[in-house]
1. Mind listing just one residue for me: the one in the range 279-318 that is of a type outside the set (S, T, N, Q) and part of a helix (DSSP H, G or I) and, of those, farthest from Val90 (Cα to Cα)?
2. Looking only at the range 110-132, which residues are farther than 18 Å from Pro353 by Cβ and surrounded by fewer than 24 Cβ atoms within 10 Å (Cβ to Cβ)?
3. Going through Gly390, Gly381 one at a time, which residue ends up being surrounded by fewer than 15 Cβ atoms within 10 Å (Cβ to Cβ), outside the structural domain of Gly293 (by TED's automatic domain parsing) and within 29 Å of Gly105 (Cα to Cα)?
4. Does Ser59 fit the bill of being in contact with a strand residue (DSSP E or B) (Cβ under 6 Å, 6 or more places away or on another chain) and more than 21 Å from Asp419 (Cβ to Cβ)?
5. Among the numbered criteria (1) surrounded by fewer than 23 Cβ atoms within 10 Å (Cβ to Cβ); (2) within 22 Å of Phe93 (Cα to Cα), which single criterion is violated by Arg272?
6. Cβ-Cβ under 9 Å, sequence separation 6+ or interchain: first residue in the range 402-415 and closer than 9 Å to Gly56 by Cβ and part of a loop (DSSP other than H, G, I, E, B), partner modelled with pLDDT under 95 and basic (Lys, Arg). Which pairs?
7. Pull out all pairs, ordered by first then second residue, where Cβ-Cβ is under 6 Å, the residues are six or more apart or on different chains, the first lies in the range 332-343 and is without any contact (Cβ under 8 Å) to a residue 12 or more places away in the chain and in the same structural domain as Phe307 (by TED's automatic domain parsing), and the second is part of a helix (DSSP H, G or I) and small (Gly, Ala, Ser).
8. Tell me yes or no: at least one residue of the range 300-323 is of a type in the set (Ser, Thr, Tyr) and surrounded by fewer than 20 Cβ atoms within 10 Å (Cβ to Cβ).
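The values are calculated or read from the model by the stated rules, or taken from the named source; none is laboratory data. Everything quoted here is computed from the prediction, not taken from an experiment. Cβ sites come from the backbone with ideal geometry, for glycine too, and all protein chains shown count toward neighbours.
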Amino acid sequence: MNLKKIFATAILLLVVLPCYYNYAFAQEIDILLKGGQLIDPKNKIDAKMDVGISNGKISQVASDIPAARAKKVVDVRGMIISPGLIDIHVHVFAGTNKKQQYMDGPNSLPPDGFTFRAGVTTVVDAGSSGWKSFPLFKKNIIDQSKTRVLAFLNIVGDGMGEHQQDRNDMDPKMAATFAKYYKNDIVGFKVAHFGGPQSIPVDSAVAAGNLVNMPVMVDWRGLPPENSLEELFMKHLRPGDILTHNFHAGKGAGATAAMYKEAIVDPYGKVRPYVFRAQQRGIVMDVGHGGNGFVFSQAIPALKQGFIPNSISSDLHIGNMNAGMKDMSNIMSKFLNMGISLQDVIKLSTWNPAMYIKRTELGHLSVGAEADIAVFKIRNGDFGFIDSHGFTIKGTKKLDTELTLRAGKIVWDLNGIADRGWANN
């Protein structure tokens with residue numbers, strides 16, 4: 001080859017290769033979230049960052065990723081990028097069996113209609129199904145939902161319904177056997193709505209948990225006074241077990257001193273000392289807002305005294321979806337307005353719950369993680385927030401879910417920020 005051909009080839013390579021390189025890299029990122037404030041508690045990131053998504057995974061997190069490398073660029077300047085929320089207390093075994101209530105019944109809700117619009121990408125059904133009914137739950141709900149649906153298995157074999165008071169239907173070995181077999185779906189065991197001595201279902205659930213190294217979630221709200229919350233914490237539950245509805249207050253709006261007996265804040269507004277000791281021991285304190293599980297008269301004094309819950313959850317069901325609870329972003333907004341930082345509110349709704357259910361592949365935006373993402377905008381204004389008993393507080397900040405991605409797919413887009421305007425067609 002003569003010098004002219006060598007020179008011409010070199011010039012061609014200098015021109016063509018950069019173009020090919022840029023083209024190749026432009027195809028590398030499917031979706032680029034650009035210009036947002038990334039809050040990723042697991043990775044201790046709170047900074048302006050771009051997030052690249054490829055093949056359903058987080059492919060790059062950096063301060064400035066060139067837009068030319070992405071097929072789709074979403075401008076999220078002025079917004080918060082968060083890991084997709086993990087709601088560890090919901091009831092989503094929806095069905096038509098009125099006798100069964102939450103187990104294949106009308107009290108539960110189909111997950112996809114209530115998750116993505118609030119930034120939630122993973123839910124954990126809290127005991128709607130037991131080992132007998134779990135296969136139906138998996139077939140009808142888990143396998144049919146875009147939302148990632150996991151489960152705490154009720155210690156009652158039938159689940160939450162007409163047989164939930166049947167102590168003879170509590171079988172730790174069968175519950176553990178099903179949890180082991182369905183280990184991709186079941187994360188622990190649940191005690192709920194049992195109207196007798198709590199040592200019966202709690203000890204059964206803990207026995208199941210010990211067999212497969214899984215946590216137990218306990219619903220303690222409104223149960224008979226012969227049960228001692230302190231004994232539950234110190235003698236029956238293990239570190240890593242979960243108390244939900246930790247800001248409940250008795251049985252009604254006009255709770256008396258007797259009704260306050262097992263609430264974490266006493267009638268004089270003081271957090272009971274054993275509650276701090278239990279949390280230090282490793283008992284997980286979960287919000288579990290629900291329709292009767294969260295009141296400001298408990299939450300506000302507790303927060304002021306330094307009692308911070310370990311996780312935020314909704315207890316989503318038909319009785320609260322249009323009431324004070326509404327959704328996870330609304331509950332998070334309540335905590336913002338009660339003085340908890342945005343960073344901590346996101347941690348309590350993402351990385352913390354991922355650790356408690358032992359699914360540490362979730363709840364963060366590390367490179368290689370599944371791209372479950374929520375994008376929020378903080379609205380400033382005059383807002384009102386309602387608790388489970390109809391009492392309100394005023395606030396100045398509110399989280400709106402602008403965008404939700406589940407496994408790299410856009411599943412919620414409030415204002416069309418990820419789409420082209422009609423004038424551009």
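1. Out of the qualifying residues, it is Lys304.
2. Within the range 110-132, Pro110, Asp112, Gly113, Arg117, Lys132 qualify.
3. Working: Gly381 fails: within 29 Å of Gly105 (Cα to Cα).
Being surrounded by fewer than 15 Cβ atoms within 10 Å (Cβ to Cβ), outside the structural domain of Gly293 (by TED's automatic domain parsing) and within 29 Å of Gly105 (Cα to Cα) holds for just one of Gly390, Gly381, which is Gly390.
4. Working: in contact with a strand residue (DSSP E or B) (Cβ under 6 Å, 6 or more places away or on another chain): yes; more than 21 Å from Asp419 (Cβ to Cβ): yes.
It is true that Ser59 is in contact with a strand residue (DSSP E or B) (Cβ under 6 Å, 6 or more places away or on another chain) and more than 21 Å from Asp419 (Cβ to Cβ).
5. Failing condition for Arg272: (2).
6. Matching pairs, first to second residue: none at all.
7. Partner pairs satisfying both residue conditions: none exist.
8. Narrowing the range 300-323 to residues of a type in the set (Ser, Thr, Tyr): 311, 313-314.
With the extra rule that they be surrounded by fewer than 20 Cβ atoms within 10 Å (Cβ to Cβ), the set shrinks to none.
Checked against the condition, which is being of a type in the set (Ser, Thr, Tyr) and surrounded by fewer than 20 Cβ atoms within 10 Å (Cβ to Cβ), the range 300-323 yields no hits at all.
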